[in-house]
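Student: A single structure is presented below for examination.
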Amino acid sequence: MRYSALKIFKEAVTGHKGWKPVWRKPAPKPSYDFIIIGGGGHGLATAHYLASKFDGKNIAVLEKGWIGGGNVGRNTTIIRSNYLHHENEGFYEFSLKLWEGLEQDLNYNAMVSQRGIINLYHSDPQRDAYARRGNAMIMNGADAVLLDQDGVRKQYPFLNFDNARFPIKGGLWQPRGGTVRHDAVAWGYARAADSKGVDIIENCEVTGFDIQNGRCVGVKTTRGKILAKKVGVAVAGNSSRVMAMADMHLPLESHVLQAFVSEGFKPFLPGVITYGAGHFYVSQSDKGGLVFGGDIDGYNSYAQRGNLPVVEDVCEGGMSLMPAIGKARLLRMWGGIMDMSMDGSPMIDKTHIDGLYFNGGWCYGGFKATPASGYAFAHLLATDTPHETARAYRMDRFSRGLMIDEKGQGAQPNLH
Ligand SMILES: Cc1cc2nc3c(=O)[nH]c(=O)nc-3n(C[C@H](O)[C@H](O)[C@H](O)COP(=O)(O)OP(=O)(O)OC[C@H]3O[C@@H](n4cnc5c(N)ncnc54)[C@H](O)[C@@H]3O)c2cc1C
């Protein structure tokens, strides 16, 4: 079903009886060419690009819960491509370009809003580091503008510029960064994949792999065994648990990250800002609520709920950046499970088991990666070669000493 102004008008005057479900609810078939485990953003995007760009047929996405129930529907919706390392910047810029054409590609309003993102700096060394990062972005074809204090003031006059422990000195601005409505991304990809014949099977948990003579030939699920020529795993925070079923132990830890939404206000925050002296990022949704977050909770967990000390920490970060936020009432909060890799960068790779492929390690930055991750994973599944923007995301880089340590923090997943 295609959406159009005419269709909306017709349905409005005929009692909205003509809308069809956005995707089918098929029963699993006994076998597929491709099985994607995980119906989050990355799994659905993989299925969509596999079917639409790589001529993939006979594809299923197996999701243990419901579409949009994982991190794809839990994140703070920020997209950007402001990375320093060449291995990351090319990939995230590819993703931003795909975001820019996503709504036309899917014919779905995902509310892609390039309202700009500013990373604030608070000291001269931090400014120099941001200048370096901005140059790296420009060299990779992205956009970056280094703002001084007046430049930030023009956009955000109400920030705590001078009277703070860490005065704001300026910021690195990426005008093409912004926000996208997260659950609409899941629905849009699901709808597009379904329309190409992909079976999206919800309430179907993968409970094991069928591995024979070093080759993965299918999966065991709560809805029976399903055979497959190729199996791609894209389960984000559950990566360690799922890959352990294939006896693989990954350089990953799972941590909780929380998101917060305030009551609604009139529009006052034009773009996304991140605080450079602590960990706090905020934007304003189209409904008026402030959508914000900060650090991960800091200990390993598979629980999709957060804890109070981090609530305090995040709100303190917000208060020091814009004291006026103290009057806002918090409406909602929730948690998601982050697949934190040791160097803070992801993996999109074949495993040592033939027919089994892995996509994960997205830490808390995987939403913005959704289109490129799906595209690159589809490329790998279809051609058995890595996509040009994802060549560095190999699983063996940890044993070969080829870490992509964007933050220069070392092997400390809780710091990335
Ligand atoms: C609070 C929060 C804020 C964030 N903010 C941002 C942000 O602003 N910008 C950004 O870029 N990123 C952000 N992220 C990170 C981003 O959301 C994730 O990196 C990304 O969504 C992960 O990929 P996904 O969408 O495929 O994950 P998910 O949506 O979690 O998909 C994985 C799916 O796998 C399913 N699954 C797991 N195990 C099995 C199994 N055994 N069988 C079948 N299915 C299974 C799960 O049910 C789940 O639906 C944030 C995350 C959180 C939680």
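The values are calculated or read from the model by the stated rules, or taken from the named source; none is laboratory data. Keep in mind that this is a model prediction, so the values were computed, not measured. We place every Cβ from the backbone using ideal geometry, glycine too, and count neighbours over all the protein chains shown.
Student: Looking only at region 357-400, count how many residues are small (G, A, S), part of a helix (DSSP H, G or I) and free of Cβ contacts under 8 Å to residues at least 40 places away in the same chain.
Tutor: Of region 357-400, the ones small (G, A, S) are 360-361, 365-366, 369, 372-374, 376, 378, 382, 390, 392, 399.
Still in the list and also part of a helix (DSSP H, G or I): 372-374, 376, 378, 382, 390, 399.
Narrowing further to those that are free of Cβ contacts under 8 Å to residues at least 40 places away in the same chain: 399.
The total comes to 1.
Student: Can you spot a residue in region 145-165 that is surrounded by 15 or more Cβ atoms within 10 Å (Cβ to Cβ) and within 23 Å of the chain's Cα centre (by Cα)?
Tutor: No, there is no match, as no residue in region 145-165 is surrounded by 15 or more Cβ atoms within 10 Å (Cβ to Cβ) and within 23 Å of the chain's Cα centre (by Cα).
Student: Still on this model: Quick one: is Y108 hydroxyl-bearing (S, T, Y) and either out of contact with any strand residue (DSSP E or B) (no Cβ under 8 Å at 6 or more places or on another chain) or not assigned by TED's automatic domain parsing to the domain that holds F268 (or both)? Quick ask: steps written out before the conclusion?
Tutor: On the way: hydroxyl-bearing (S, T, Y): yes; either out of contact with any strand residue (DSSP E or B) (no Cβ under 8 Å at 6 or more places or on another chain) or not assigned by TED's automatic domain parsing to the domain that holds F268 (or both): yes.
Here the answer is yes, as Y108 does meet what is asked.
Student: Of all residues being buried (at least 24 other Cβ atoms within 10 Å of the Cβ) and either near the ligand (Cβ under 7 Å from one of its atoms) or not aliphatic (A, V, I, L, M) (or both) in region 57-70, which is farthest from G366 (Cα to Cα)? Just the residue, please.
Tutor: Looking at residues that are buried (at least 24 other Cβ atoms within 10 Å of the Cβ) and either near the ligand (Cβ under 7 Å from one of its atoms) or not aliphatic (A, V, I, L, M) (or both), I get L62.
Student: Among the residues of region 340-358, how many are on the phi < 0 side of the Ramachandran plot and either more than 13 Å from the ligand (Cβ to nearest atom) or touching an Asp or Glu at 6+ places or on another chain (Cβ under 8 Å) (or both)?
Tutor: 13
Student: Still on this structure, I have one more. Only one of K220, K229 is more than 14 Å from the ligand (Cβ to nearest atom) and closer than 19 Å to P28 by Cβ; which?
Tutor: None of the others qualify; the one that does is K229.
Student: Still on this structure: Taking region 263-279 as the region of interest, how many residues are within 18 Å of K368 (Cβ to Cβ) and at pLDDT 95 or above? Steps first, answer last, please.
Tutor: Taking region 263-279 as the starting set, the residues that turn out to be within 18 Å of K368 (Cβ to Cβ) are 271-274, 279.
Checking which are at pLDDT 95 or above leaves us with 271-274.
Residues flagged as within 18 Å of K368 (Cβ to Cβ) and at pLDDT 95 or above within region 263-279 amount to 4.
Student: Oh, and also: Scan region 73-85 and tell me whether some residue there is of a type in the set (S, T, N, Q) and outside any loop (DSSP other than H, G, I, E, B).
Tutor: No, that holds for no residue.
Student: Among the numbered criteria (1) at pLDDT 95 or above; (2) within 12 Å of the ligand (Cβ to nearest atom); (3) β-branched (V, I, T); (4) assigned to a strand (DSSP E or B), which single criterion is violated by V242?
Tutor: Checking V242 against (1) at pLDDT 95 or above; (2) within 12 Å of the ligand (Cβ to nearest atom); (3) β-branched (V, I, T); (4) assigned to a strand (DSSP E or B), the one that fails is (4).
Student: Another question about this same structure. Which one is farthest from A372 (Cα to Cα), of the residues in region 28-51 that are touching a Lys or Arg at 6+ places or on another chain (Cβ under 6 Å) and surrounded by fewer than 21 Cβ atoms within 10 Å (Cβ to Cβ)?
Tutor: Looking at residues that are touching a Lys or Arg at 6+ places or on another chain (Cβ under 6 Å) and surrounded by fewer than 21 Cβ atoms within 10 Å (Cβ to Cβ), I get P28.
Student: Check region 85-97 and report whether any residue there is near the ligand (Cβ under 8 Å from one of its atoms), among the charged types (D, E, K, R) and at pLDDT 95 or above.
Tutor: no
Student: Also, I was wondering about something else. Please name all residue pairs, on different chains or six or more residues apart, with Cβ atoms under 9 Å, provided the first residue is in region 294-319 and is assigned by TED's automatic domain parsing to the domain that holds V272 and the second residue is among the basic types (K, R).
Tutor: Sorted first by the residue in region 294-319, then by its partner, the pairs are Y302/R241; Q304/R74.
Student: Any residue in region 40-52 that's over 13 Å from L380 (Cβ atoms) and in contact (Cβ under 8 Å) with a residue 40 or more places away in the chain: show its pairings with residues that are outside any helix (DSSP H, G or I) and within 11 Å of the ligand (Cβ to nearest atom) at Cβ separation under 6 Å, as long as the two are six or more apart or on different chains.
Tutor: Every condition considered, the pairs that remain are G40/G70; G43/I36; G43/V61; G43/A234; A47/I36; A47/V61.
Student: I need a count of the residues in region 203-214 that are assigned to a loop (DSSP other than H, G, I, E, B) and within 9 Å of the ligand (Cβ to nearest atom).
Tutor: Counting residues in region 203-214 that are assigned to a loop (DSSP other than H, G, I, E, B) and within 9 Å of the ligand (Cβ to nearest atom) gives 2.
Student: Select, from D286, D247, D297, the only residue that is among the acidic types (D, E), touching a strand residue (DSSP E or B) at 6+ places or on another chain (Cβ under 9 Å) and at pLDDT 95 or above.
Tutor: The conditions single out D247.
Residues checked against (1) within 30 Å of L356 (Cα to Cα); (2) modelled with pLDDT of 95 or more; (3) not assigned by TED's automatic domain parsing to the domain that holds D354:
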| site | (1), (2), (3) |
| --- | --- |
| V13 | no, yes, no |
| W19 | no, no, no |
| P26 | yes, yes, no |
| K29 | yes, yes, no |
| Y32 | yes, yes, no |
| I35 | yes, yes, no |
| G39 | yes, yes, no |
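Student: Does G39 satisfy the condition of being closer than 17 Å to R223 by Cα, small (G, A, S) and near the ligand (Cβ under 9 Å from one of its atoms)?
Tutor: yes
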